[in-house]
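Structure first, commentary second.
Please treat every number below as a calculation from the coordinates, not as lab data. Worth saying up front: this structure is predicted, and the values here are computed from it rather than measured. In this analysis, Cβ positions are derived from the backbone assuming ideal geometry, glycine residues included, and neighbour counts consider all displayed protein chains.
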Amino acid sequence: MPTPALSIVEADDELWRTYDTLARRAYGHQVEDIQRLGAHADRRVAVRDGKVIAGGLGLAIPQFFGGRPVPGASMACGCVAPEERGSHLAAALIAERLRPLRKQGAVVATLWTASSGYVRRLGWEAPTQVFSWTVPADELRHSFRESDFQITHAATWQYRPLCNDLAARWNGPWQRPDWWATWQERQHPEMATYAFSLPGQEPGGVLSVAGERHPSQGQRLVVYDFWAADQAVAAAMLSFLGRHNSRLSTIAFERTSLPPAPLLMHHLRRTGSLTARAWHSWMLRILDLRKAIQLRGWPDEVDLTLPIEVVAEDSRATDRFLLRISGGEGDLEPTTREGQLTLTQGQIAAWYAGGYRSAAAAQLAGVSGAPRALAQLLQATTDREPWLADYF
């Protein structure tokens, strides 16, 4: 008997409610962002024989790379019915979920997934490792001194422009949309936001926290947002967190909250008091390589003309390109010249986000070619580190 035809369609409200029910069964719990983000997203579901068997959201949100917002597609809340898993449905679903966002101009795509190996075969790669951190409040109290920074409690939305300005210093953060603050407040109703500034100056740091009860740690303070312009304001924010020691024994930094900087390791009295937990990483894919190169920011001092070869993940076919970066602008053109470096689509994504911090790291990841050419390539993206400060 033939298998009923599969269709992947834009979901109306009724189909989306059906998908919400499916997702609860697939995840084992309710995924509240399915409804919270639905109004801001492209909603797609896979239907077979009249039944919704998979689906997900697509958010058209720019991400900062090289200091510029690059049109992006953030994939969220996706799942396949348990009885349909193993049929490679996810690959077709991701392609169809990306199609309308590509029409809107997205040239990069991002998702969080526990199935890293699966999406890696589709051309995605993780630019960096992701950790959450916990530290005793007393340790912060004794490791960071009081400062002259003024602390202001205010609504989260007021500091979105500052967060976006600081986000441009990294590769990967969202250029947060207008609805971001409302979404976060619905996710974390008890969340409080604080701004830090020196007398007479504009704020240089933003901190968002909420209390929660943990099975083993009791009541603790969870940090969801940690944006600091420099070490001085970061230290003031960590000192403020330490002041909670009289009521809360533990400060927990969510997997997305703390930037990949040695703020804790270089300043704690006892680094052994710090606990790290590794999480699955965010994955990046380049949807349109030439436009992604053109739209990204590049260091002014880089002057590069380099032939490269890019291996397609699906066919193993190799395309040759000439990469040009000069005066803060980049371009990529087809060429017949033999490449000095060979990269897969996933390796291109990791490089694009500044994920290779050295030639040794890139070589261990499988990038092959002339050492001098590799050093030149890495110089173009190591001015900023990868960090995605939002979990969706």
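For D230 and S368, the difference between the fully extended length at 0.36 nm per residue and the C-alpha to C-alpha distance is 46.0 nm.
What FRET efficiency do you get for A155 and E338 if R0 is 41 Å and r is their Cβ-Cβ distance, rounded to the nearest 0.05? Once rounded, the FRET efficiency stands at 0.10. A helix-only calculation puts the chain at -7500 deg cm²/dmol for mean residue ellipticity at 222 nm, using -39500 (n - 2.57) for each DSSP H run of at least four residues, averaged over all residues.
Mind checking the full-extension length gain between S249 and A278? Use 0.36 nm per residue of separation minus the Cα-Cα distance, one decimal, nm. Show your work: numbers first, answer last.
Details: separation 29, 0.36 × 29 = 10.44 nm, distance 2.18 nm.
Residue separation times 0.36 nm, minus the Cα-Cα distance, leaves 8.3 nm.
Taking the Cβ-Cβ separation of T271 and S326 as r and a Förster radius of 30 Å, what is the calculated FRET efficiency to the nearest 0.05? Mind showing how you got there, number by number?
Working: r = 43 Å, r/R0 = 1.42.
Between T271 and S326 the formula returns 0.10.
Take the Cα of E146, step 7 Å along the line toward its Cβ, and report every residue of the stretch 243-272 whose backbone nitrogen sits under 18 Å from that point. Counting only backbone N, you get 243-247.
Could you tell me whether the stretch 116-164 comes out rounded, prolate or oblate from its Cα gyration tensor? Rule is a ≥ b ≥ c as square roots of the eigenvalues, rounded for a/c under 1.5, then prolate if a/b exceeds b/c, otherwise oblate. Before the final figure, lay out the partial values.
Numbers: a/c = 3.97, a/b = 1.69, b/c = 2.34.
Cα axes put the stretch 116-164 in the oblate bin.
Does the stretch 287-392 come out rounded, prolate or oblate, given a ≥ b ≥ c as the square roots of the eigenvalues of its C-alpha gyration tensor, rounded meaning a/c under 1.5 and, failing that, prolate meaning a/b above b/c? Rounded, since a/c falls under 1.5.
Only Lys, Arg, Asp and Glu carry charge here, each on its Cβ (+1 for the first two, -1 for the last two); on that basis the chain has a dipole of about 700 debye about its Cα centre.
What number, in percent, do you get for the relative contact order of the stretch 174-232 if the mean sequence gap of Cα pairs under 8 Å and at least 6 apart is divided by its residue count? Let's see the in-between values first.
On the way: 70 pairs, mean separation 14.4, N = 59.
Rounded, it is 24 percent for the stretch 174-232.
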